[in-house]
Structure formats: structure tokens, C-alpha cells
Amino acid sequence: MLAVVHHLTAVTRLNDVLALVEPDHRVQTVFTVAPSSMLSRGVGDHLRAEGVCLVPFDQATQMSWDLAVAAGDGALERLHGPVMWVPHGMSPGMRIHRWRGAGA
């Protein structure tokens, strides 16, 4: 299983969700940091300090996954396998600001 991290808040939410499958030793969880967030600074260092298995995002996009879990969005379409998106706070239920630029 691949855990896709976009920012530090997503790490916290993913840890909550991944704790549900952690006791099952048949499931190996690998983490990656998606390059699509302005808020991803320091996430790789945080994950390394947690001692998780961390792979570069470009490498993760070259592999097939039984499941990818993300608590953020962006670049998920580049992954090979089903993606489960979980909300990481109240903002998914709120109206969000549209950024100017391509795709706006």
C-alpha cells in the first residue's frame, strides 16, 4: 500500500487511518511525498524521523499499487492503482478559494 503525503496535516490524518491496517502484517505500507503541494516543505524529513519506508514520488509513479491512500489531492492521477482519498479536516466541506493560473 502506498501512503501519499501532501503536507504535515495529511501525515497526521494518514497515520490515524493507517493505524487500522498496521496490525495486519500482510500489508506493507510505503510512503511518498507528492510534489503538488506548496505546503510539503519538511514532510520528507518528518517521515524519515518517523522511520517509515519512503520512496521518491517519481519512483512511486513507476510502480503498481494494490491501494494508494491520500489525505490531500494533486498528482494522484499519476499513480497506478486504486486511490482512496480521505479528508484531513473541515476544509473539504467548506468552499475553497480558487487559485489564479492554469486550471483556474
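The values are calculated or read from the model by the stated rules, or taken from the named source; none is laboratory data. Since the structure is predicted, the reported quantities are computational estimates derived from the model, not experimental observations. Cβ: placed from backbone, ideal geometry, glycine included. Neighbour counts: every protein chain shown. Heavy atoms of the whole protein, side chains included, go into the accessibility calculation; ligands, DNA and RNA do not. Shrake-Rupley method; radii C 1.70, N 1.55, O 1.52, S 1.80 Å.
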- Within the stretch 3-38, which residues are under 12 Å from Leu67 (Cβ atoms) and more than 8 Å from the chain's Cα centre (by Cα)? Val17, Leu18, Val21, Val27, Gln28, Thr29, Val30
- Message: Criterion first (modelled with pLDDT under 85, at positive phi and either touching a helix residue (DSSP H, G or I) at 6+ places or on another chain (Cβ under 8 Å) or open to solvent by 60 Å² or more (accessible area, probe 1.4 Å) (or both)) does Gly93 satisfy it?
- Response: no
- Message: Cβ contacts < 7 Å: first residue farther than 16 Å from Gly44 by Cβ and among the hydroxyl-bearing types (Ser, Thr, Tyr), restricted to the stretch 57-75; second residue open to solvent by 30 Å² or more (accessible area, probe 1.4 Å) and assigned to a strand (DSSP E or B), any location; separation 6+ or different chain. Result?
- Response: Ser64/His80
- Can you name every residue in the stretch 71-86 that is surrounded by 14 or more Cβ atoms within 10 Å (Cβ to Cβ) and in contact with a Leu (Cβ under 6 Å, 6 or more places away or on another chain)? Ala71, Val83
- Would you mind listing the helices (runs of 4 or more DSSP H) fully within the stretch 1-63 where at least 3 residues are at pLDDT below 95 and either acidic (Asp, Glu) or surrounded by 11 or more Cβ atoms within 10 Å (Cβ to Cβ) (or both)? 8-18, 43-50
- Note on the structure: Residue pairs qualifying under the 6 Å Cβ cut-off, at least six apart or on distinct chains, with the first in the stretch 11-22 being without any contact (Cβ under 8 Å) to a residue 12 or more places away in the chain and the second being hydrophobic (A, V, I, L, M, F, W, C) and open to solvent by 50 Å² or more (accessible area, probe 1.4 Å), are none
